[in-house]
């Protein structure tokens with residue numbers, strides 16, 4: 001299991017850089033593979049010509065290019081020598097990586113210029129789950145607004161996938177009403193956390209002191225696999241928008257998400273299901289206080305016959321976002337409900 005954090009400063013990065021980190025991090029875990037890709041539509045920055053200089057410190061080693069997904073019309077040159085794909089190098093156009101091959105024209109220490117067109121691409125990712133026998137399909141599509149300053153990642157989940165389908169396909173039982181969920185991005189100061197395992201992806205970021213979050217993939221089913229085929233769920237802070245600067249309306253963290261959809265045990269899609277316990281008692285009376293040295297209690301979160309994997313309700317006084325809770329040998333990171341931080345508006349996410 002993998003978790004990680006990266007911070008971007010107000011200068012020197014773009015929404016494309018954040019998207020590259022996001023998709024490359026997921027693929028680098030080895031838990032998810034690219035099942036299909038599709039040219040993204042809407043917004044701006046569909047094609048961009050890019051030139052990277054890569055130092056081949058060693059051969060037969062993968063090097064990151066500045067951008068991931070999807071790379072088109074690529075070429076590589078070592079000085080005035082045009083390199084041959086398959087002989088001198090191999091390239092991963094989904095993850096944005098290049099490897100220089102032993103026996104080719106590149107010598108260790110050479111500087112190689114790689115040019116390509118970046119295509120803003122939707123990804124359909126596939127995993128066999130924690131058991132190794134599941135078939136889990138999730139999708140992500142980047143969107144950039146007309147100014148290129150803000151954007152979002154649009155998530156999807158699918159029961160099944162086959163050749164010829166599209167990102168928004170509703171065939172094969174994929175009629176889930178999750179077209180409004182999104183995860184806000186910004187080209188200013190921001191930090192992003194990713195929590196990835198074999199069955200789900202969790203994202204959190206902080207933009208101008210406001211925390212956005214998103215959960216995509218399987219939950220832990222509370223039934224036998226043959227009784228509950230597709231424990232798929234999406235929880236998100238945003239409603240297909242880039243309103244990262246407030247905690248108004250439906251903007252909430254994933255422990256109390258108002259933008260949510262899941263696949264029920266009977267294979268039907270349900271929009272706006274209740275999350276237990278955060279959406280059961282809206283007027284809690286008792287404050288949880290844990291003195292120094294007293295073990296914390298984290299409360300599992302449930303949607304019908306499914307438990308969220310690695311996300312817990314963490315009510316307590318005397319805590320703040322980005323605090324770490326350690327229980328045994330496992331760490332959990334605390335996040336508030338966007339910018340609400342009363343004692344009962346915190347969640348904790350397990351570091352995978």
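The values are calculated or read from the model by the stated rules, or taken from the named source; none is laboratory data. Keep in mind the model is a prediction, meaning the values are calculated, not measured. Ideal geometry is used to build each Cβ from the backbone, glycine not excepted, and the neighbour counts take in all protein chains shown.
Looking only at residues in the range 28-50 that are touching a strand residue (DSSP E or B) at 6+ places or on another chain (Cβ under 7 Å) and modelled with pLDDT of 90 or more, which one is farthest from residue 330 (Cα to Cα)?
Here the answer is 36.
If residue 205 satisfies all but one of (1) surrounded by fewer than 23 Cβ atoms within 10 Å (Cβ to Cβ); (2) free of Cβ contacts under 8 Å to residues at least 40 places away in the same chain; (3) part of a strand (DSSP E or B), what's the number of the condition it fails?
The one condition residue 205 does not meet is (1).
Would you check if residue 146 is at pLDDT 85 or above and part of a loop (DSSP other than H, G, I, E, B)?
no
Can you tell me which residue is nearest to the chain's Cα centre (by Cα) among those in the range 75-104 that are outside any loop (DSSP other than H, G, I, E, B) and farther than 18 Å from residue 58 by Cα?
In this case the residue turns out to be 75.
Going by what's in this entry, would residue 80 be described as out of contact with any strand residue (DSSP E or B) (no Cβ under 6 Å at 6 or more places or on another chain) and assigned by TED's automatic domain parsing to the domain that holds residue 172?
no
When residue 130 is evaluated against the numbered criteria (1) under 19 Å from the mean Cα position of the chain (by Cα); (2) farther than 17 Å from residue 24 by Cα; (3) modelled with pLDDT under 85, which criterion, by number, is the only one it fails?
With respect to (1) under 19 Å from the mean Cα position of the chain (by Cα); (2) farther than 17 Å from residue 24 by Cα; (3) modelled with pLDDT under 85, residue 130 is out only on (3).
Residue by residue, here is whether (1) crowded, with 23+ Cβ neighbours inside 10 Å; (2) touching a residue at least 60 places away in the same chain (Cβ under 8 Å) holds:
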| residue | (1), (2) |
| --- | --- |
| 87 | no, no |
| 112 | no, no |
| 123 | yes, yes |
| 130 | no, yes |
| 134 | no, yes |
| 144 | yes, yes |
| 154 | yes, yes |
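Out of the range 123-143, which residues are touching a strand residue (DSSP E or B) at 6+ places or on another chain (Cβ under 9 Å) and part of a loop (DSSP other than H, G, I, E, B)?
128, 129, 130, 134, 135
What are the residues in the range 315-338 that are in a loop (DSSP other than H, G, I, E, B), at negative phi and surrounded by fewer than 17 Cβ atoms within 10 Å (Cβ to Cβ), if any?
317, 320, 323, 329
I need a count of the residues in the range 214-226 that are in a strand (DSSP E or B) and over 19 Å from residue 125 (Cβ atoms).
Count: 2.
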